[in-house]
Amino acid sequence: MFSVDQSCWFVRKVICWRAVASVAWSVLLLLPTTALFVLLSRFTLFHPILWISECLSLLTSPSGIFSFILLCGVVLLVGFFNLEYYTVVPSVACSKIALLGQVLHPRQFVHSLVHCIMGVVVAWCCAFTIGGRYQSLGHPCTQDESSGPEMCLNEYHLVLLLVGAFIGYSHSLVGVVYNMNYVSFHTMQQYKYLRFKGALPLVVKAGAVQALYGLRNFLLLYFFMGYAPRAWICKTLDLNINRSIHSLDSVSSLLDLSLLYHLWISGTFLLLTWYITVLLFRIFVTEVYSFPVQSTFTEEAHQCLPKVITGTQPMILKFLALQDLALLSQHSPSRRLEVFSLSQPGGHPHIWTALSKECLSLLSDLTERLVAHHDTVATNGRAKSQSTGSNKRPTISSESSVSSVGMEDMKTPRPSALIRTPGSVFLRSSVGAGLRTPLTAPFTPDLDSPFSSPALRRLTGPLEPQGALSPGFSSIQSPHVMRRGPKLWSASTDSQLNGSPPPSPGPAPSQSQAQLRPSFLVTFLQNRKDQLPEASSQALFADSQVHIWALQGLSHLVAASFSEDQYGIVQTTLPTILSTLLVLQEAVDRHFKLPHTSSKPGHCSCSMGDDSYKTLRFALRSTLKTAVYRITATFGGHLHAVQMSAEHRKRLQHFLEYKE
């Protein structure tokens, strides 16, 4: 394991420069986008020559250049927030109270406030570009003949500014609900230009549709509450209301087609510039990075793949390292030979040991989470009691425990603990304060926050010590009483699930215990923390992209070792690898047989909210089965000589006969 200071080299030399490149391209693309908006906002069908000449003069005027500079500043700020808030592990809210906590988090409040202000700035630039009745906030008017000219409020300009603020806040809010801060990795490797070209139509469609929805919601809100901002602006800026014209908080005024068109196209322009910045950031930051397998110099050892892949901070580094491992195992014979090489002097397979150990550790951790989750669901949300000196770990079957003996040699020793399940996954985890530095902030969110991603804390946070049970499942106070944790999904009792009689009632609570009965507010919040079944499954597999790459890299390396491993170092760990894959296969199959777990991928929306994490569990299931088939198809009958349990041998025979 290398230190945090050493891991920051990747943020400084790679991530920051990729973010700068994405923002630079966003600024360059802002010029044609702005020109297109000017043409559409001043469109005149019957005077095309006058229309083109006015647009050109506006774009080259000093005021137009100043507006463009303001827009560039907004794009730079959006790029900064992309770098600061984005993560590679989505934050899946397993309950309504958790989602509300994410929306009301102080960090999210700052994000929403800044985007609201940026929306007003973009709307002001749009008002200047459109011109006419949207030109300025105040205009001279005459209320009566006896008094002189006065300054009255231009409500058209005000409405356009409010639309910008509303869409800016909606963009921030939708980003929390639909995980717009989630950076996913594409399965197919493409050039950046091709990815941008393929996604651009979807970005334009998403901007137009979201602007239409935002405009609809704003008009409804302004129809009922439009008087409040209008009166506040007039009082603050000492403006009058022109009584000779109708206000815009009426049905007839809000149905003005010209007004609706200009509001919609301004909202589309606002979202399109921001969406393009988000898209370019995703494309640049997920670009493949090739790590050296081994280094000649000691000073660069922390940048090699065996060292990088075992780190946890920043998370983007671990993801790119596992992605490189998966690509290395498939398409690079020369780098595979480095993996199968022996150290000099000594003749030890340090590279293969480090890579396989980390992959097996990730897969074993996922197996433990699935087993613990299944046990929690099977007991209707009740936490099973553990004896103080118990060192047992969750297993799938008695046969799997026999075959997993060799697995312990490949894993880092961990203290026995009650594995965190989605029932307690949103509780605080203790993480060392020294892991956070300003350089790791973009992809290292606040792990101490109760609203941070549960999957992220599983990768970065240590397990709790023995006996420190999760607050969601209180420790046992009496040998006859078992406290209920938060109910997951089933409304049936334990006796209905397990066929066993209900536990005998314990002694009556004392008066002091009765006084400690939770209040109504605590009970209400606890009920709101009941988990959503589909979201609970999604949160369980939220970080499964690393497991998919671990499966691909491990299986391809094992298959390639059949002809490329000159020293036979892979064959020594083949029993452990097969046992780990088969145990995980059984755990995944049991998870998909749960009553409330979807067995088919859902339909993904075409908005900018990336919901590809919802299908990770299905991709993991297919990748796992493909990995086992890849090994069995390569080794064939030679696998009969591999030592494993009878249950695993029977399961492996199904793969050899292509019956699985």
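The values are calculated or read from the model by the stated rules, or taken from the named source; none is laboratory data. Remember, it's a predicted structure, so these values are computed and weren't measured experimentally. Using ideal geometry, Cβ is built from the backbone for each residue, glycine included, and neighbour counts are taken over all protein chains shown. Just the protein is used for accessible areas: all its heavy atoms, side chains included, with ligands, DNA and RNA removed. Shrake-Rupley method; radii C 1.70, N 1.55, O 1.52, S 1.80 Å.
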Problem - Failed item, numbered, when Ala199 is tested on (1) open to solvent by less than 40 Å² (accessible area, probe 1.4 Å); (2) closer than 21 Å to Ser112 by Cα - result: (2)
Exercise for the section: For the range 622-660, name all the residues that are within 15 Å of Leu574 (Cβ to Cβ) and not in a helix (DSSP H, G or I). Expected result: Val642, Gln643, Met644, Ser645
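Quick grid of which residues meet (1) assigned to a helix (DSSP H, G or I); (2) more than 36 Å from the chain's Cα centre (by Cα):
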| site | (1), (2) |
| --- | --- |
| Leu202 | yes, no |
| Phe218 | yes, no |
| Tyr222 | yes, no |
| His246 | no, yes |
| Leu259 | yes, yes |
| Gly267 | yes, no |
| Pro292 | no, no |
Practice task
Considering only the range 316-340, state which residues are in contact (Cβ under 8 Å) with a residue 24 or more places away in the chain and not hydrophobic (A, V, I, L, M, F, W, C).
Solution key: Lys318, Gln323, Asp324, Ser329, Gln330, Pro333, Arg335, Arg336, Glu338
Problem - Matching residues, the range 212-259, being within 23 Å of Met151 (Cβ to Cβ) and among the acidic types (Asp, Glu) - result: Asp238, Asp249
Completion exercise
The condition from (1) of a type in the set (A, V, I, L, M, F, W, C); (2) surrounded by 22 or more Cβ atoms within 10 Å (Cβ to Cβ); (3) modelled with pLDDT under 95 that Phe128 misses is numbered (2)
Practice task
Select from the range 144-167 the residues that are open to solvent by 10 Å² or more (accessible area, probe 1.4 Å) and in contact with a strand residue (DSSP E or B) (Cβ under 6 Å, 6 or more places away or on another chain) and write down the one among them that is modelled with the lowest pLDDT.
Solution key: Pro149
Practice task
Pairs only if they're at least six apart or on different chains, beta carbon under 8 angstrom, first in the range 1-20 and under 24 Å from Leu279 (Cβ atoms), second modelled with pLDDT of 80 or more and among the aromatic types (Phe, Trp, Tyr); list them, first residue then second.
Solution key: Val14/Tyr289; Arg18/Phe284; Ala19/Phe281; Ala19/Phe284
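Condition check ((1) modelled with pLDDT of 85 or more; (2) open to solvent by 20 Å² or more (accessible area, probe 1.4 Å)) across all residues:
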| residue | (1), (2) |
| --- | --- |
| Gln515 | no, yes |
| Thr523 | no, yes |
| Ser544 | yes, no |
| Leu551 | yes, no |
| Leu557 | yes, no |
| Phe562 | yes, yes |
| Ile569 | yes, no |
Problem - Selection from the range 297-313 of residues that are open to solvent by 60 Å² or more (accessible area, probe 1.4 Å) and either assigned to a loop (DSSP other than H, G, I, E, B) or among the acidic types (Asp, Glu) (or both) - result: Phe297, Glu299, Glu300
Problem - Answer residue from the range 77-94, given it is open to solvent by 10 Å² or more (accessible area, probe 1.4 Å) and of a type in the set (Gly, Ala, Ser) and is farthest from Phe319 (Cα to Cα) among those - result: Ala93
Practice task
Please name all residue pairs, on different chains or six or more residues apart, with Cβ atoms under 9 Å, provided the first residue is in the range 273-296 and is surrounded by fewer than 22 Cβ atoms within 10 Å (Cβ to Cβ) and the second residue is among the acidic types (Asp, Glu) and outside any loop (DSSP other than H, G, I, E, B).
Solution key: Val288/Asp324; Tyr289/Asp324; Ser290/Asp324; Phe291/Asp324; Pro292/Glu300; Pro292/Glu338; Val293/Glu338; Gln294/Glu338
Practice task
Within the range 35-52, count every residue that is hydroxyl-bearing (Ser, Thr, Tyr) and free of Cβ contacts under 8 Å to residues at least 12 places away in the same chain.
Solution key: 1
Practice task
Determine which member of the set Glu150, Glu155 is acidic (Asp, Glu), out of contact with any helix residue (DSSP H, G or I) (no Cβ under 8 Å at 6 or more places or on another chain) and touching a residue at least 40 places away in the same chain (Cβ under 8 Å).
Solution key: Glu150
Practice task
Take the range 131-143 and flag every residue that is open to solvent by less than 50 Å² (accessible area, probe 1.4 Å) and on the phi > 0 side of the Ramachandran plot.
Solution key: Gly131
